[in-house]
Structures are given as structure tokens and as C-alpha cells.
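Shown next, in C-alpha cells, is the structure this report addresses.
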Amino acid sequence: MTTLLETDAVLKRGLGELARADPVMAKLAASGITPQLRKRPPGFEGLAWIVIGQQVSTASATAIWTRLRQILEPPTPGVFLRLSDEDLRTAGLSAGKVRTLRAVATELIEGRLPLDELHNHSADEAHDLLTRVKGIGPWTADVYLLFCLGHSDAFPSGDLAVQEAARLAYGLEQRPDAKTLTALAENWRPWRGVAAKMLWAYYRTIKSREGAPV
């Protein structure tokens, strides 16, 4: 059965398992690196927020989402499909994101994307189901599974911050690519999601020490 990161107690249990399996993770935990749950609502609303946030700043994503929510009430697939492309462009969505969200909404309505049942699948199976939708890439799928579903084993190996944090934490000569980081993460199963949260927290700590924006 899939473990979901729904409480601090589950997160703490995952951190303990990681520390026992990996000395580097144990060292990060001992140094005070503390990840947060930071969950968002699951379903179409949560996935739409992640798509909107791709390749834009948090401030820009928040502004676009705020404008979209003014016309997307309630935030359901059916209501989204009734909005015109002009309405969506006015809200700030790019043509590519409009296409992606229309594909997601259509797949949901027609029953081909079982968002409500992804917790019954392993992280890899759930990842595959999401990435079958045109426009949903690996990063989007993994971030949805981790931050909306709370899947304890979801792992966004393509995330640049996670890659850079791994480079620093493990003393690697260069930032690992997604394939290399996926291989490294095998040792963290079934708590790869907790490991990702640890690496994000470590990255924020390092950047804060350097005086850079987090």
C-alpha cells in the first residue's frame, strides 16, 4: 500500500528510515535540515496550479492563478473547458499551458486519467499514468504526486534544485542529470519523496547562507 505524507508523524518516520539507510541523509538531518509537508489540494485544481507554475516565478504563477480563479468557478475540468482561449490568454496562460490543461480536463472528463485513484499505484505507475497526457512531463507528474497527493516515493529527478543539492550534499564533481540522480535515489525507496524534500530544504539553506533568493 502507498504511504502518503499526510502528517508530520509520517514525514518524521520517513526521515528516520532515510537516516538509517544513508549516512549523508543522516548528516543533513543532524545538521538541522528540516523539510516541510507543504501540500496543495489534489485533483484538477492542484495539477492546474503546477502546470501554471512551470518556468515562471512564484509571483507570476500566483498572479496568473488569481486571475484564472476569478473566471474558473468552481475549478473543475468542465468549467475549464467552457472557457475560451481568449479568456485563458487574458488570465495569463500561454498557448502551451492552455493546450496542456485542456488535455488534462478532457482526459479527466472522459475517464482516462484516474487522478482520484493514483494513491493506489506505485510512484512509478502513477508517474506513467500522468505523463501519458499530452503536455504533462516528468517534472510536472512527480511534483503533483509529491505536493498534491503526498506520495512518499515520488521523486522529481529532473528538478534543478534537487540536482544541485545532491551535488553539494554528496560532494559530486558536477550536478547529476535526471538519470544519474534516479540511480542514486534507488537507495531511498520507498521514501524518495522525503529525500527530495530534504534536498530542497538543504538547497534553500545553502542559498540563504549565500545571500541568494530562495
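Here are several values of Cα Rg over 2.2 N^0.38 Å: [x] 1.06; [y] 1.35; [z] 0.95. Which one was derived from the coordinates shown? Answer by label: [x].
For the chain, a Gaussian network of Cα nodes joined below 10 Å ranks 131, 180, 140 by mean-square fluctuation, and the top entry is 180. Loop-located GluC sites (Glu not before Pro) in region 77-172 (DSSP state not H, G, I, E or B) with no more than 10 neighbouring Cβ atoms inside 10 Å: 110.
Which of the chymotrypsin sites (Phe, Trp or Tyr not before Pro) found in region 152-208 are loop residues per DSSP with 12 or fewer other Cβ atoms within 10 Å of their Cβ? The partial results should precede the final answer.
Values: sites: 170, 188, 191, 200, 202, 203; in loops: 191.
Answer by residue number: there is no such site.
With the Cα gyration tensor of region 1-40 giving a ≥ b ≥ c as the square roots of its eigenvalues, does the rule (a/c under 1.5 for rounded; else a/b larger than b/c for prolate; else oblate) give rounded, prolate or oblate? Oblate is the answer for region 1-40, as a/c is 1.5 or above yet b/c matches or exceeds a/b. Calculated FRET efficiency, residue 170 to residue 89, Cβ-Cβ distance, R0 = 41 Å: about 0.40 to the nearest 0.05.
So, counting K/R as plus one and D/E as minus one, what does the shell of residues with Cβ under 15 Å around residue 54 add up to?
Around residue 54, the surrounding residues sum to +2.
Between residue 56 and residue 112, the distance separating the two model label sites (each 7 Å from Cα on the Cα→Cβ line) works out to 2.6 nm.
Normalised by the number of residues in region 1-108, the average gap of Cα pairs under 8 Å and 6 or more apart makes the relative contact order 21 percent.
A simple spin-label model places pseudo-atoms 7 Å from Cα toward Cβ; at residue 31 and residue 6 they are separated by 3.4 nm.
Note on residue 40 and residue 71: their simple-model spin labels are 2.0 nm apart, each label 7 Å out from Cα toward Cβ. Of the cross-linked pairs 12/134; 97/179; 179/207; 12/179, those separated by over 31 Å at the C-alpha level are 12/134. Across region 73-116, the residues whose backbone nitrogen lies under 13 Å from the label position 7 Å along the beta-carbon direction of residue 63 are 91-93. Looking at region 16-126, the accessible area is 53 square angstrom per residue; that uses a 1.4 Å probe and ignores ligands, DNA and RNA.
For the chain, give the percent of accessible area contributed by carbon and sulfur heavy atoms, probe 1.4 Å, rounded to a whole number.
On the way: 5610 of 10940 Å².
Whole-percent figure for carbon plus sulfur exposure: 51.
The values are calculated or read from the model by the stated rules, or taken from the named source; none is laboratory data. Note that the structure is a prediction, hence the values are computed from the model and not measured. Every residue, glycine as well, gets a Cβ built from its backbone with ideal geometry; the counts of neighbours run over all protein chains shown. The accessibility values were calculated without ligands, DNA or RNA, using every heavy atom of the protein model including side chains. Shrake-Rupley method; radii C 1.70, N 1.55, O 1.52, S 1.80 Å.
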